[in-house]
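The values are calculated or read from the model by the stated rules, or taken from the named source; none is laboratory data. What you see is a predicted model, and the numbers here were worked out from it, not measured in a lab. Cβ sites come from the backbone with ideal geometry, for glycine too, and all protein chains shown count toward neighbours.
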């Protein structure tokens with residue numbers, strides 16, 4: 001899991017850097033398409049981050065309080 005988090009962190013930082021650059025270029029050039037694509041990429045990064053937390057939560061074992069069925 002540690003190796004997955006490291007790889008995920010590296011790729012997520014690249015996505016955030018690309019999205020920020022795309023957003024700034026879109027603002028400076030007045031290109032709505034670049035701004036919207038940056039927003040779309042940002043939402044995708046947010047969903048991937050959420051999925052990482054869900055994957056980590058799904059690895060928990062059942063206990064007295066949460067029997068999972």
Of everything in region 49-61, what is modelled with pLDDT of 85 or more and touching a helix residue (DSSP H, G or I) at 6+ places or on another chain (Cβ under 8 Å)? Give them in sequence order. 49
Note: among 17, 38, 57, just one is loosely packed, with under 10 Cβ neighbours inside 10 Å and in a helix (DSSP H, G or I), namely 57
